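What follows is calculated from the coordinates using simple rules that are stated; it is not laboratory data. The structure displayed is predicted, hence computed values, not measured ones. Backbone-built Cβ (ideal geometry, glycine too); neighbour counts: all protein chains shown.
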Amino acid sequence: MRLVFRKYHRLIALTICLPLIITAVTGIAMTVADEWLHQARLVGFILKVHTFQFLGLSAILPVFNGLGLLSLIATGLNMTGLFSQRRKS
C-alpha cells in the first residue's frame, strides 16, 4: 500500500512543484519590493505573476495549490506509518 501512496505522492509533487515555487518566490519578492525597496510598479507586476493573472488562472490556481498541498500532506503522512495499527506479538 505504501508503494501506491509513494507513486501518487511523486506524481502530485511533480505536478504542483512549479506553481508552488512561483507562488513562494513571488510572495517573498513582493514583500521585499514593497517594504524594503518601495517600488510600487514592481509590486504590481510581481502581484500579477504571484496570482497567475498573466495566464488567466487567478481563479483556479489557489484551489489547485490548496488541494495539491492537502494531498501531499495526506500521502506523506500515510507513508510515514504514524497512523497505522501495529500488530501485537
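Could you check the spin-label model distance between Leu20 and Ser58? Points 7 Å from the Cα along Cα→Cβ, value in nm.
Those two pseudo-labels are separated by 2.5 nm.
Between helix 2-31 and the chain, what is the angle of the helix's C-alpha long axis to the longest principal axis, kept within 0 to 90° and rounded to the nearest 10?
Helix 2-31 and the main axis of the chain meet at about 20 degrees.
Could you give the radius of gyration (one decimal) and Dmax (whole number) of the Cα atoms in the chain, in Å?
Rg then Dmax for the chain, in Å: 18.3, 66.
On a 0 to 90° scale, report how tilted helix 40-50 is relative to the longest principal axis of the chain, with both axes built from alpha carbons and the result rounded to the nearest 10.
30 degrees
Charges at C-beta only: +1 for Lys and Arg, -1 for Asp and Glu. How large is the resulting dipole of the chain about its Cα centre, in Debye rounded to 20?
Its charge dipole is roughly 800 debye.
Multiply the residue gap between Leu11 and Lys48 by 0.36 nm, knock off their C-alpha separation, and tell me the result in nm, one decimal place.
10.6 nm
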